[in-house]
Amino acid sequence: MKNEMTAMILAGGQGTRLGVLTKQTAKPAVPFGGKYRIIDFALSNCANSNVNNVGVVTQYQPLELNNHIGKGDAWGLNSRNGGATILQPYSSSDGEKWFKGTANAIYQNISYIDSLSPEYVLILSGDHIYKMDYSKMLDFHKENNASLTVGVIPVDYKEASRFGIMNTDQGHRIIEFEEKPAEPKSNLASMGIYIFTWPTLRRYLVEDQAKERKLEDFGHDVIPAYLANGEDCFAYSFNGYWKDVGTIESLWEANMEMIDPNHPLNQTKDSWRIYSNTPISPAQFFTETANVRNSMVVDGCYVAGEVNHSILSQDVRVGMESTVKDSVIMSDVTIGENVQIEYAIIGEGAHIADGASVIGEPDEIAVVGYNETIGGPKNDGEE
């Protein structure tokens with residue numbers, strides 16, 4: 001598939017629904033599953049699908065993503081004919097700079113895509129958790145001689161209004177598309193995965209830019225324009241695990257699901273690995289007072305307390321008489337002694353002082369921000 005298809009990962013969103021976790025971090029860079037970041041799944045899917053040229057479109061807080069991705073070495077994308085390229089807004093000759101939407105972000109990076117001369121462009125979101133072989137979706141696109149193929153998955157009807165919803169005929173041709181409808185007619189949701197035949201999409205974007213400048217977003221603008229003009233648009237059904245982790249509750253839930261040894265994304269299997277760029281830490285250490293059950297504990301952790309059904313990321317310390325239950329603890333967190341944490345997400349570098357507690361509920365997850373301190377003399381007003 002060399003140079004046949006170029007991937008563009010849209011990684012520029014702030015993700016305000018993740019609250020303090022994205023205050024200084026782009027959503028695709030948020031840690032996930034103990035040793036990954038959310039964008040690792042899209043990058044690994046590209047590498048495993050032999051899509052070797054990947055442009056990563058960033059806009060919000062790009063530094064952490066830049067440091068994490070580099071040239072794509074950790075994902076094996078640094079070949080002679082491939083690589084990962086970070087694409088940030090710039091002031092061009094026509095005055096464009098900040099991306100106005102997903103389609104506008106692609107338009108502003110036409111020169112990058114043209115330099116690779118692909119026949120097809122794969123558009124991906126950088127904030128979804130899944131494993132998918134994009135080469136099979138491309139085969140489907142070519143078999144149907146499509147202008148556009150949209151990856152779709154059935155969702156619960158109660159969730160359908162959060163997504164772009166497709167109505168298709170028996171041949172998987174898209175006959176109607178509704179972006180986040182209040183009363184959806186079906187539960188076939190867009191996964192935010194598109195394959196476009198590049199010359200056609202390029203023509204649409206360039207012609208629109210010279211005239212009306214309305215094609216700013218794929219869901220709101222481009223797909224309706226394709227359908228209105230009779231372009232061949234098809235839906236590619238995906239039946240595997242896929243999770244949009246755009247909210248605190250969905251992020252917590254997806255992390256908890258990773259603990260299940262029978263989870264479809266089980267990382268102990270050698271096939272279709274998810275790769276990441278993580279630092280090397282020493283081996284984990286459990287003291288004689290430690291009690292760890294049904295949990296994922298990553299390198300560098302020191303545990304002297306109780307950990308139950310939780311994820312401890314790299315270099316986490318849990319003090320004596322402390323309890324961590326049903327929680328996600330991100331890297332470099334220090335948990336003192338006699339601490340209670342339940343139904344919580346603790347951000348990178350946070351410090352939970354001796355005797356403090358962070359208690360949430362299954363439907364209201366407690367969140368501690370990056371490098372935040374909970375408890376201790378300063379927080380108790382003793383200083």
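Points worth noting:
- Among the residues of the stretch 353-366, those identified as closer than 18 Å to Arg317 by Cα and hydrophobic (A, V, I, L, M, F, W, C) are Ala353, Ala356, Val358.
- Just so you know, in the stretch 272-317 the residues that are hydroxyl-bearing (Ser, Thr, Tyr) and touching a helix residue (DSSP H, G or I) at 6+ places or on another chain (Cβ under 9 Å) include one that is least open to solvent (accessible area, probe 1.4 Å), and it is Ser310.
- Taken across the stretch 194-214, residues that are assigned by the TED database to the domain that holds Val150, small (Gly, Ala, Ser) and within 28 Å of the chain's Cα centre (by Cα) do not occur at all.
- Test for Val54: is it of a type in the set (A, V, I, L, M, F, W, C) and modelled with pLDDT of 95 or more: yes
- Cβ-Cβ contacts under 9 Å between residues 6 or more apart (or on different chains), taken from a first residue in the stretch 145-159 that is within 23 Å of Lys131 (Cβ to Cβ) and not assigned by the TED database to the domain that holds Ala42 to a second residue that is assigned to a strand (DSSP E or B) and of a type outside the set (Ser, Thr, Tyr), are absent.
- For Lys100: the one exception among (1) outside any helix (DSSP H, G or I); (2) closer than 16 Å to Ile195 by Cα; (3) of a type outside the set (Phe, Trp, Tyr): (2)
- Scan of the stretch 188-207 for residues that are open to solvent by 20 Å² or more (accessible area, probe 1.4 Å) and either out of contact with any Phe, Trp or Tyr (no Cβ under 7 Å at 6 or more places or on another chain) or not in a strand (DSSP E or B) (or both), ordered by number: Leu188, Pro199, Thr200, Arg202, Arg203, Tyr204, Val206, Glu207
- Restricting the stretch 1-38 to residues that are of a type in the set (D, E, K, R) and surrounded by fewer than 18 Cβ atoms within 10 Å (Cβ to Cβ), the residue that is modelled with the lowest pLDDT is Lys2.
For (1) within 28 Å of Leu312 (Cα to Cα); (2) polar (S, T, N, Q), each residue gets a yes or a no:
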position: Asn3; (1), (2): no, yes
position: Thr6; (1), (2): no, yes
position: Ala11; (1), (2): yes, no
position: Lys35; (1), (2): yes, no
position: Cys46; (1), (2): yes, no
position: Ser49; (1), (2): no, yes
position: Val57; (1), (2): no, no
position: Asn66; (1), (2): yes, yes
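- Thr373 passes every criterion in (1) under 28 Å from Gln24 (Cα atoms); (2) open to solvent by less than 20 Å² (accessible area, probe 1.4 Å); (3) polar (S, T, N, Q) apart from (2).
- Scanning the stretch 173-192 for residues that are under 14 Å from Gly219 (Cα atoms), aliphatic (A, V, I, L, M) and without any contact (Cβ under 8 Å) to a residue 40 or more places away in the chain yields one hit, Ala189.
The values are calculated or read from the model by the stated rules, or taken from the named source; none is laboratory data. If you're wondering where the values come from, they're calculated on a predicted model, not measured in any experiment. Please note: Cβ atoms are built from the backbone with ideal geometry, for glycine as well, and neighbour counts cover all protein chains shown. With ligands, DNA and RNA removed, areas are computed over all heavy atoms of the protein, side chains included. Shrake-Rupley method; radii C 1.70, N 1.55, O 1.52, S 1.80 Å.
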